[in-house]
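Engineer: The structure under discussion is supplied below as structure tokens; questions concerning it will follow.
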Amino acid sequence: MLGYLRIRGLALLDDVTLELSPGMNVLTGETGAGKSIIVEALSLLRGARGRPELVRQGEEAATVDACFEPGASMWPRLRAAFEEHGVPADEEEQVVLRRVVPRSGRGRSFVQATPTTQAVLSRVGELLVDICSQHEHHFLTHPARHLEVLDAWAKLEGARTEHGRAHRALRDAQDRRQALQERARQAGSRSDYLRFQIDELEAISPQPGEHEALRRRLGLLRDAQRWAEFARDAHVSLYEADDAIASRLGSLLDRARRGGEGSELLAQMQEQLAAAQVACEEAAQAAARFAEELEIEPGELELAEERMHELEGLRRKHGVEVDALADELERMREELASLERVEDDLAGLDDEVGRARDACMGSAKRLHDARVAAAEGLAHAVQAELRILHMPGARLAVQVQAPDPTEPGPTGIDHVQFLFTANPGEPLAPLSRVASGGELSRVLLAIKNALTHEDRVATYVFDEVDAGVGGAVAVAIGRRLKAAAAGHQVLCVTHLPQIAAFADAHYRVDKRTHKGRTITRVARLTDDERVEELARMLGGEAVGPSAREHARQLLADAAGTRIKASKRPAARRKTAAAR
């Protein structure tokens, strides 16, 4: 159940706290007091869009905090959702949700004090709260929602999850096959292109380090004559000439060695002259080798320039440095090999798609059979609720069709639609076309009440689903809400005293002015205050003795009514065999 709800900065609700009770909780108050804003706050915990205009003037953000105490049967689904989305699944008895809607910027969502996404909050919130409102009639016009109702009734969540996995596997295999087919269509031209590029690279065969070595060689070759003259002059000056530097250094060294042995400076000069002579001779040898290197074969420069042109062309074409062309060649060889395997891979994927389709069709067929088996039971359950809601002649049928049984979708192959007539003898027709506003309210309540027999959520919220009804019908609706509250917590927003009289806990929503600002306050009523509130709802602001007496009578009648949660006839529940 929802034990605690705090709303801050949301429209008229500056700071409102509700501590709700088990059973049937009722919210009443004047139109515009803020009752539906409380329902809006709960919708935010179910992932509804947080509109900036909801934020109270003068506040930076609206915040909704709620603490739920789910029953033991709900915890397996909650923990599964926690684990799926990375929320800590500690052994706790409560679930705490929070939603922050800022005036500007992105909102924030929390589950168990863990920051999370709005989608995760929505997933958990929908397991805890179900909201049925007068504005929800539009859901009855969408066959996709009819399918959801039937699956909830038949407890097909597990089968739908299984089929969803099978459908995703089929789509994944089909997508991969389509991509491979497109690749196969392009394989011919791509293979020819790769073979040409591979042949060219293999023919030119660039070697690691070759580009840089060739660049340096070309620098010499293009100015070979000048460098050859330099090498010859250097060798002659250093070693060959009569007054060569090496010879002169040798003479100086001989003279230094004939000097006295007692001078340290003279000894240093001997070492330095000897080193200089050796360095001079080595430089002369290097000049000779350099001169030999510059002995150019005819056409060598042209060949080197042609080779550089080839390497530069490959570098520009493939967009990589010359030293990386070997890796590029290997990559193209691997791609060519994979293209040559496309036909084999495609045959394997065809087999995989076939297996995935068989699995998907199998799960879709099982869903279809279970839905067909459950449709009559759901129709009988809703009709039973409608009779209690003073629509004895109403009939509802759940039509399950498979427009194209060979093409399963994410939810199977079925199209589900509710057909309805409110009057005996009239033909069934799509619900959205033949039901009035008041009839839609009762059909919606009947569907929700039928589903409350399933332990789907902790709290059911009914927001003015009594629109367009009154009198005995209102009493019947009150009884059904009370029946639903026998196994679940119910929060009901109503303007009808006949319904409010059935409450286990009655709250009044008031709008008042404080320091020049309009604010909303919510108070739980005592027994005497309930009489006054029901009398006001019966007779307006001028409450008289007759209105109070009528209110007391409503409370006495409601309290004296023996409420038992209705049970669905076992004979009409056919889904067990289907499952």
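The values are calculated or read from the model by the stated rules, or taken from the named source; none is laboratory data. Just so you know, these numbers come straight off a predicted model, no measurement behind them. When we count neighbours, we look across all protein chains shown, and the Cβ atoms used for this are built from the backbone with ideal geometry, even at glycine.
Engineer: Out of the residues in the range 43-74 that are assigned to a helix (DSSP H, G or I) and within 23 Å of the chain's Cα centre (by Cα), state the one that is surrounded by the most Cβ atoms within 10 Å (Cβ to Cβ).
Structural biologist: Selected residue: Leu44.
Engineer: For Val372, indicate whether it is β-branched (Val, Ile, Thr), part of a helix (DSSP H, G or I), in contact with a strand residue (DSSP E or B) (Cβ under 8 Å, 6 or more places away or on another chain) and in contact (Cβ under 8 Å) with a residue 24 or more places away in the chain.
Structural biologist: Yes; evaluated as a whole, the condition is true for this residue.
Engineer: I'd like the full set of residues that are at pLDDT below 90, touching a Ser or Thr at 6+ places or on another chain (Cβ under 8 Å) and among the polar types (S, T, N, Q), limited to the range 64-116.
Structural biologist: none
Engineer: So, Arg6, is that one at pLDDT below 90, basic (Lys, Arg) and farther than 17 Å from Thr513 by Cα or not?
Structural biologist: no
Engineer: Select, from Arg442, Arg433, the only residue that is without any contact (Cβ under 8 Å) to a residue 12 or more places away in the chain and under 21 Å from Ser133 (Cα atoms).
Structural biologist: Just a single option satisfies the conditions, and that option is Arg433.
Engineer: So which pairs qualify, if the first residue must be in the range 101-130 and in the same structural domain as Arg8 (by TED's automatic domain parsing) and outside any helix (DSSP H, G or I), the second must be of a type in the set (Phe, Trp, Tyr) and at pLDDT below 90, the Cβ gap must be under 7 Å, and the two must be at least 6 apart or on different chains?
Structural biologist: Asp130/Tyr460
Engineer: Hey, among Asp151, Asp130, Asp175, which residue is over 30 Å from Leu325 (Cβ atoms), surrounded by fewer than 16 Cβ atoms within 10 Å (Cβ to Cβ) and either modelled with pLDDT of 90 or more or under 24 Å from the mean Cα position of the chain (by Cα) (or both)?
Structural biologist: Asp175
Engineer: Restricting attention to the range 390-438, and to residues there that are acidic (Asp, Glu) and within 37 Å of the chain's Cα centre (by Cα), which single residue is surrounded by the most Cβ atoms within 10 Å (Cβ to Cβ)?
Structural biologist: My answer is Asp414.
Engineer: Related question: Can we say Phe110 is buried (at least 17 other Cβ atoms within 10 Å of the Cβ) and out of contact with any Gly (no Cβ under 8 Å at 6 or more places or on another chain)?
Structural biologist: yes
Engineer: Against the conditions (1) free of Cβ contacts under 8 Å to residues at least 40 places away in the same chain; (2) farther than 22 Å from Val509 by Cα, where does Glu60 fall short? Just the number, please.
Structural biologist: It fails just one condition, (1).
Engineer: Conditions: (1) surrounded by fewer than 17 Cβ atoms within 10 Å (Cβ to Cβ); (2) more than 32 Å from the chain's Cα centre (by Cα); (3) touching a residue at least 24 places away in the same chain (Cβ under 8 Å). Arg387 meets all but one. Number of the miss?
Structural biologist: For Arg387, the failing item is (3).
Engineer: I would also like to ask the following. Taking the range 3-28 as the region of interest, how many residues are within 30 Å of the chain's Cα centre (by Cα) and on the phi < 0 side of the Ramachandran plot?
Structural biologist: Residues in the range 3-28 being within 30 Å of the chain's Cα centre (by Cα) and on the phi < 0 side of the Ramachandran plot: 7 in total.
Engineer: Next question. Name the residues in the range 468-504 that are surrounded by fewer than 19 Cβ atoms within 10 Å (Cβ to Cβ) and not in a helix (DSSP H, G or I), would you?
Structural biologist: Gly468, Gly470, Ala486, Gly487, His495, Asp504
Engineer: Scan the range 187-199 and report the pairs whose first residue is surrounded by 15 or more Cβ atoms within 10 Å (Cβ to Cβ) and whose second residue is among the basic types (Lys, Arg), with Cβ atoms within less than 7 Å and a gap of 6+ or a chain change.
Structural biologist: Pairs found: Ile198/Arg333.
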